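To start, the structure under review is shown below, and the notes come after it.
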Amino acid sequence: MTPSGIEPATFQFLAQHLNHCATAFPPETWVLKENMANILMTFERKIMRKIFGRTRTDVGHWTINTNQEINGILKGQNIIGFIKKQRLNLFVHVERMAEDHIVQKIKRWKLMSKRPIGRPKTLWEMMFWKM
């Protein structure tokens, strides 16, 4: 069901892209593990259920869209694929930067020594932060 005055294809496009814009930015910078991917996909389907609403059966009952119906509406595109595309775009963007750019210098930077084993030492400034 779409609001009156909006074509279904346009409504689907807007719903999908607004959802991606709202939920994709922080995960673009996270390490995306399988459980986080499942949580994001569950959240996306929950939002899409709210956007597309219920469907009416032939008998006249209202039913909630199943995961397969939502995947059919989205045509296989999901938030995880969008995040992977955005990461690839960022990687290409960084690769095209000049060699003397600060981002390139940080990317090539190697740590000179190993980190010590165990818990990091408490700095004297941290005592003031706890107060």
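The values are calculated or read from the model by the stated rules, or taken from the named source; none is laboratory data. Every value quoted in this text rests on a predicted model; they were computed, and no experiment measured them. Virtual Cβ from ideal backbone geometry, glycine too; neighbours counted across all protein chains shown.
Among Asn71, Asn35, Asn65, which is part of a loop (DSSP other than H, G, I, E, B) and either of a type in the set (Asp, Glu) or without any contact (Cβ under 8 Å) to a residue 60 or more places away in the chain (or both)?
The conditions single out Asn65.
Just name the residue that is farthest from Ile80 (Cα to Cα) out of those in region 38-60 that are in a loop (DSSP other than H, G, I, E, B) and either of a type in the set (Ser, Thr, Tyr) or in contact (Cβ under 8 Å) with a residue 24 or more places away in the chain (or both).
Thr57
Among the residues of region 45-87, write down those that are closer than 30 Å to Val31 by Cβ and among the charged types (D, E, K, R).
Passing the criteria: Arg45, Lys46, Arg49, Lys50, Lys75, Lys84, Lys85, Arg87.
Do you know which of the residues in region 115-131 that are outside any helix (DSSP H, G or I) and modelled with pLDDT under 80 is surrounded by the fewest Cβ atoms within 10 Å (Cβ to Cβ)?
If we take residues in region 115-131 being outside any helix (DSSP H, G or I) and modelled with pLDDT under 80, then Met131 is surrounded by the fewest Cβ atoms within 10 Å (Cβ to Cβ).
With at pLDDT 80 or above, aromatic (Phe, Trp, Tyr) and surrounded by 13 or more Cβ atoms within 10 Å (Cβ to Cβ) as the only criterion, which of Phe91, Phe82 stands out?
Phe82
Would you point out which residue out of Thr57, Thr42, Thr66 is surrounded by fewer than 10 Cβ atoms within 10 Å (Cβ to Cβ), within 30 Å of Glu7 (Cβ to Cβ) and at pLDDT 80 or above?
After ruling out the rest, the residue left standing is Thr57.
Would you confirm, using the coordinates I've provided, whether Glu28 is under 14 Å from the mean Cα position of the chain (by Cα), part of a helix (DSSP H, G or I), surrounded by 12 or more Cβ atoms within 10 Å (Cβ to Cβ) and modelled with pLDDT of 80 or more?
Spelling it out, it is not the case that Glu28 is under 14 Å from the mean Cα position of the chain (by Cα), part of a helix (DSSP H, G or I), surrounded by 12 or more Cβ atoms within 10 Å (Cβ to Cβ) and modelled with pLDDT of 80 or more.
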